[in-house]
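Engineer: Below you will find the structure I want to go over with you.
The values are calculated or read from the model by the stated rules, or taken from the named source; none is laboratory data. Worth saying up front: this structure is predicted, and the values here are computed from it rather than measured. Cβ coordinates were reconstructed from backbone atoms using ideal geometry, including for glycine residues, and neighbour counts include every protein chain displayed. Just the protein is used for accessible areas: all its heavy atoms, side chains included, with ligands, DNA and RNA removed. Shrake-Rupley method; radii C 1.70, N 1.55, O 1.52, S 1.80 Å.
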Amino acid sequence: MDFDPVTAVLTQFPFPVSCALFSYESVSLPQSCQVIGTWGDQDKVYPWMSVTKLVTSRTILGAVENGVLDLDQPLPQLPGVTELRSVSVADLLAHRSGLDHEKREFTRTPHTRRVYSNSGYEILGELLAQRSGVPFATWVAEMLFSHLGIKRKMRGSPAWGMHGSLRELLAFAFEAACPRFLSLELFAAWSRSDGIQLPGVLPGYGFHRDNAWGLGCEIRAAKDPHWTLPDSSPDTYGHFGQSGSFLWIDPAIRLGAVFLGQERFGALHKQLWPELNRALREVGKNAQRA
């Protein structure tokens, strides 16, 4: 049997993990998404934690496309926030609102620092529910998951509450690479840098002078250290979660990967993820050459 570099890394995790790698030809060709390999149990349910934010942001942008929310219009009042500031849906999606990480209060002036905010994403879910009269979880199920064949429902926080299997995360990852249910204009806003260079802390990886973000996706840019490979394309986008989960897509090499694990993100993930991503890229490039 041929040596499998991915398995060699995954066996170093002393707890259940699952992983998948896929390729695609073009953003405009959803049918080109092809699984290269899967490792671990595809149907075991894991917490996604902050990878949930990718699901939430795509749902919010779908509501924008349907005219329920406006991206750039200042919001008159944020749910649960007493202080009035000029903040938009786009600001909340890109973590540039100045809201605290967890509390519903401003700790920075908007547009001055990228403050990674769970509270901002929970506010987005409430805003959509208030404007539409439809629960946020129903929006996720009907606008996004039903089209992807995902029957599971989001429960809990729009910032970190999603649970699901590798098979389900992979179905979402295909849509995250080659959108079928979002305009290319909004998809670009979601998956590319917002172009505003703001300093900030990437949880687990420290301060970055340009903590690049799109309207939902974290952007690799020039961040170092980072949870993707050091020589990944600057356009690599995705998210990782404190559950020890990730989804990344590198448009320069047209590869994407997802990872789920039973234990929370920690020192072992920081040690092994670079090795794992290197192995995944090796397997992916070999498959593309075949």
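Engineer: Which condition does LYS223 not pass, out of (1) closer than 24 Å to TYR46 by Cα; (2) touching a His at 6+ places or on another chain (Cβ under 9 Å); (3) part of a loop (DSSP other than H, G, I, E, B), if it passes all the others?
Structural biologist: Result: LYS223 passes all but (1).
Engineer: Next question, about the same structure. Among the residues of the stretch 172-199, which ones are among the small types (Gly, Ala, Ser) and touching a strand residue (DSSP E or B) at 6+ places or on another chain (Cβ under 9 Å)?
Structural biologist: The answer is ALA173, ALA176, ALA177, SER191, SER193.
Engineer: Please go through the stretch 158-209 and give me each residue that is among the acidic types (Asp, Glu) and free of Cβ contacts under 8 Å to residues at least 60 places away in the same chain, ordered by number.
Structural biologist: GLU168, GLU185
Engineer: When you scan the stretch 130-139, do you find a residue that is touching a strand residue (DSSP E or B) at 6+ places or on another chain (Cβ under 9 Å), of a type in the set (A, V, I, L, M) and either open to solvent by less than 20 Å² (accessible area, probe 1.4 Å) or over 25 Å from ILE249 (Cα atoms) (or both), even just one?
Structural biologist: Checking the stretch 130-139: not a single residue is touching a strand residue (DSSP E or B) at 6+ places or on another chain (Cβ under 9 Å), of a type in the set (A, V, I, L, M) and either open to solvent by less than 20 Å² (accessible area, probe 1.4 Å) or over 25 Å from ILE249 (Cα atoms) (or both).
Engineer: Is one or more of the residues making up the stretch 244-254 within 24 Å of ALA90 (Cβ to Cβ) and among the hydroxyl-bearing types (Ser, Thr, Tyr)?
Structural biologist: no
Engineer: State the number of residues belonging to the stretch 43-99 that are among the acidic types (Asp, Glu) and either within 18 Å of LEU215 (Cα to Cα) or assigned to a helix (DSSP H, G or I) (or both).
Structural biologist: 4
Engineer: State whether the residues of the stretch 51-68 include one that is of a type outside the set (S, T, N, Q), closer than 29 Å to GLY266 by Cβ and open to solvent by 50 Å² or more (accessible area, probe 1.4 Å).
Structural biologist: no
Here's the yes/no breakdown for (1) over 23 Å from TYR116 (Cβ atoms); (2) open to solvent by 10 Å² or more (accessible area, probe 1.4 Å):
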| residue | (1), (2) |
| --- | --- |
| GLY164 | no, no |
| GLU168 | yes, yes |
| PHE172 | no, no |
| LEU184 | yes, yes |
| ASP194 | no, yes |
| PRO199 | no, yes |
| LEU202 | no, no |
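Engineer: Test PHE3 against the criterion of being open to solvent by less than 50 Å² (accessible area, probe 1.4 Å) and not in a helix (DSSP H, G or I), and give yes or no.
Structural biologist: When the stated conditions are applied, PHE3 does not pass them.
Engineer: Which ones in the stretch 207-222 are of a type outside the set (Phe, Trp, Tyr) and open to solvent by less than 30 Å² (accessible area, probe 1.4 Å)?
Structural biologist: Across the stretch 207-222, the qualifying residues are HIS208, ASN211, ALA212, GLY214, LEU215, GLY216, CYS217, GLU218, ILE219, ARG220, ALA221.
Engineer: Is one or more of the residues making up the stretch 39-46 among the polar types (S, T, N, Q), at pLDDT 95 or above and out of contact with any Phe, Trp or Tyr (no Cβ under 6 Å at 6 or more places or on another chain)?
Structural biologist: Yes, the stretch 39-46 contains at least one residue that is among the polar types (S, T, N, Q), at pLDDT 95 or above and out of contact with any Phe, Trp or Tyr (no Cβ under 6 Å at 6 or more places or on another chain).
Engineer: Could you list, in sequence order, all residues of the stretch 204-220 that are under 17 Å from the mean Cα position of the chain (by Cα), part of a loop (DSSP other than H, G, I, E, B), modelled with pLDDT of 95 or more and not hydrophobic (A, V, I, L, M, F, W, C)?
Structural biologist: The answer is TYR205, ASN211, GLY214, GLY216, ARG220.
Engineer: List every residue pair whose Cβ atoms sit under 8 Å apart, with the two residues 6 or more apart in sequence or on different chains, where the first one lies in the stretch 9-35 and is within 16 Å of GLY284 (Cα to Cα) and open to solvent by 40 Å² or more (accessible area, probe 1.4 Å) and the second, anywhere, is among the basic types (Lys, Arg) and assigned to a loop (DSSP other than H, G, I, E, B).
Structural biologist: If the second residue must be among the basic types (Lys, Arg) and assigned to a loop (DSSP other than H, G, I, E, B), the pairs left are GLU25/ARG254.
Engineer: Of (1) at pLDDT 95 or above; (2) open to solvent by 10 Å² or more (accessible area, probe 1.4 Å); (3) not in a strand (DSSP E or B), PHE240 satisfies all except one. Which?
Structural biologist: So PHE240 meets the others, but not (3).
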